[in-house]
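The values are calculated or read from the model by the stated rules, or taken from the named source; none is laboratory data. Here the structure is a predicted model, which means the values were calculated and not measured. Cβ atoms come from the backbone with ideal geometry, glycine included; neighbour counts cover every protein chain shown. The protein model used for the area step is the full one, side chains on, heavy atoms only, and it has no ligands, DNA or RNA in it. Shrake-Rupley method; radii C 1.70, N 1.55, O 1.52, S 1.80 Å.
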Amino acid sequence: MDVVKANAGRKRVLVAGGAGFVGSHLCDALLSEGCAVVCVDSFLTGARANVVPLENHPDFRLVTQDICSPLGVDEPLDEIYNLACAASPPRYQADPVHTMMTSVVGTRNLLELAQEHGARFLLASTSEVYGDPEVHPQPEDYHGNVNPTGPRACYDEGKRAAETLCFDLLRLGQVDARVARIFNTYGPRMQADDGRIVSNFINQALRGEPLTIYGTGAQTRSFCHVSDLVKGLMALMAVEPNPKTPVNLGNPGEFTVNELAALVREMVPEGSGVVCRPLPQDDPQRRRPDITRARTLLGWEPRVPLQEGLKETIAWFRLAHEAEKRITAA
Ligand code: NAD
Ligand code: UDP
């Protein structure tokens, strides 16, 4: 077959943060749709293991780089997804200045790359732009309640600034930019020790330790399975015309921290009770996405119920936990 013709319809996609939890699932999905993928990652919070299975794929290329440095990519690009940014509070607070720069300077660098290549751009923003919300559930036109000087600000304000850059360049007609506001997402390939609630609870239970409940445990979150999120991200990238507004992607099912702890304890019998820890500063009290816009514009809604997604995630962590135990015992 003529090679040029065979490649003519193939999309060439750059995924920044492609070695992370969500990014590696996105790379898998893009490759399975026949796209050529360039994954750019500094491995700050990503894992080589997430992309090792892809490294021999003829359409996959890995570039180890921090997006805060300008990127030069010689091959043509049709789409750029920016998922590069630590997402767990302890991880993004460990080097807050770098977190802020990743969202601001890194997004600017990737937008410039999109402009150079005429590529469509999607920013993985966050429900954290709503801060500790006074409106519930959160629609996209709610402007949020973020503490700009607190310990979460490096992440929240960084993402808000990244959104601003996207919408400015969109209004200027320079980049076809889209913004997904992602709510708490879980699934296989989360880092066991990244401090997020789902990975913490499952791994604490597997180790026979008590689950750590921060504060009273009455605060709520809405948990979306990673397979649903990836479909939403790809739908937002593909939709015509550009929605020109941010779009919430999340599962509207809302659970308290105590309810999640009870579910995990039921599903992982090795666990040993719960223990209370102080509530981190500025921890949002309630969070649930209004996904009317995603339903209307993208025809998207999440499909995986929490119990089902947790079962798969627990099985994945259990395998990793058992492999680690075998290595320690050897
Ligand atoms: P993750 O930490 O697993 O992945 C982030 C990836 O980006 C990692 O591979 C990391 O090494 C890489 N990275 C970080 N800073 C970088 C830099 N400066 N240059 C190059 N690479 C860098 O997190 P995730 O859960 O997969 O989140 C992916 C994206 O989605 C993030 O942008 C996050 O803000 C956003 N998001 C995630 C959630 C969630 O619940 N998972 C919720 C809201 C928003
Ligand atoms: N949380 C908890 N125990 C843990 C980890 C987190 O009670 O071991 C709480 C945390 O205080 C927050 C919620 O769970 O209220 C979600 O925390 P996570 O770090 O996963 O995400 P985010 O706060 O960014 O939504």
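Observations
- Residue within segment 68-77 that is within 22 Å of Leu123 (Cβ to Cβ), free of Cβ contacts under 8 Å to residues at least 40 places away in the same chain, open to solvent by 50 Å² or more (accessible area, probe 1.4 Å) and part of a loop (DSSP other than H, G, I, E, B) present: yes
- The number of residues in segment 21-42 that are assigned to a loop (DSSP other than H, G, I, E, B) and either open to solvent by less than 60 Å² (accessible area, probe 1.4 Å) or within 16 Å of ligand 2 (Cβ to nearest atom) (or both) comes to 3.
- Taking the conditions (1) assigned to a helix (DSSP H, G or I); (2) among the hydroxyl-bearing types (Ser, Thr, Tyr); (3) surrounded by 15 or more Cβ atoms within 10 Å (Cβ to Cβ) in turn, Thr212 satisfies each one other than (1).
Results for (1) within 23 Å of Ala238 (Cα to Cα); (2) open to solvent by less than 60 Å² (accessible area, probe 1.4 Å), shown as yes or no for each residue.
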{"site": "Ser88", "(1), (2)": "no, yes"}
{"site": "Val97", "(1), (2)": "no, no"}
{"site": "Thr102", "(1), (2)": "no, yes"}
{"site": "Ala114", "(1), (2)": "yes, yes"}
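- When segment 245-266 is limited to residues that are open to solvent by 60 Å² or more (accessible area, probe 1.4 Å) and free of Cβ contacts under 8 Å to residues at least 24 places away in the same chain, the one that is farthest from Ile197 (Cα to Cα) turns out to be Glu266.
- Test: Gln174 is within 9 Å of ligand 1 (Cβ to nearest atom), touching a helix residue (DSSP H, G or I) at 6+ places or on another chain (Cβ under 8 Å) and in a loop (DSSP other than H, G, I, E, B): no
- Residue in segment 43-50 that is assigned to a strand (DSSP E or B) and either open to solvent by 50 Å² or more (accessible area, probe 1.4 Å) or of a type in the set (Asp, Glu) (or both) present: no
- Counting only strands (runs of 3 or more DSSP E) that sit wholly inside segment 246-330, those with at least 3 residues that are under 29 Å from Ala180 (Cβ atoms) and out of contact with any His (no Cβ under 7 Å at 6 or more places or on another chain) are 247-249, 254-256.
- Residue match in segment 199-207 (condition: surrounded by fewer than 18 Cβ atoms within 10 Å (Cβ to Cβ), in contact (Cβ under 8 Å) with a residue 60 or more places away in the chain, away from ligand 1 (no atom under 13 Å from the Cβ) and outside any helix (DSSP H, G or I)): yes
- Residues of segment 89-126 that turn out to be over 17 Å from Asp168 (Cβ atoms), out of contact with any helix residue (DSSP H, G or I) (no Cβ under 8 Å at 6 or more places or on another chain) and polar (S, T, N, Q), as a count: 0
- Positions within segment 133-171 being part of a loop (DSSP other than H, G, I, E, B), closer than 22 Å to Pro96 by Cβ and of a type in the set (Val, Ile, Thr), in sequence order: Val146, Thr149
- Qualifying residue in segment 37-52 (condition: within 8 Å of ligand 1 (Cβ to nearest atom), among the hydroxyl-bearing types (Ser, Thr, Tyr) and in contact with an Asp or Glu (Cβ under 8 Å, 6 or more places away or on another chain)): yes
- Residue in segment 287-299 that is open to solvent by less than 20 Å² (accessible area, probe 1.4 Å), at pLDDT 95 or above and out of contact with any Leu (no Cβ under 9 Å at 6 or more places or on another chain) present: yes
- Considering residues of segment 267-282 that are in contact (Cβ under 8 Å) with a residue 40 or more places away in the chain and open to solvent by 90 Å² or more (accessible area, probe 1.4 Å) only, the residue farthest from Ile197 (Cα to Cα): Gln281
- Scanning segment 82-99 for residues that are touching a residue at least 40 places away in the same chain (Cβ under 8 Å), within 16 Å of ligand 2 (Cβ to nearest atom) and assigned to a helix (DSSP H, G or I), we see that the one that is farthest from the chain's Cα centre (by Cα) is Pro96.
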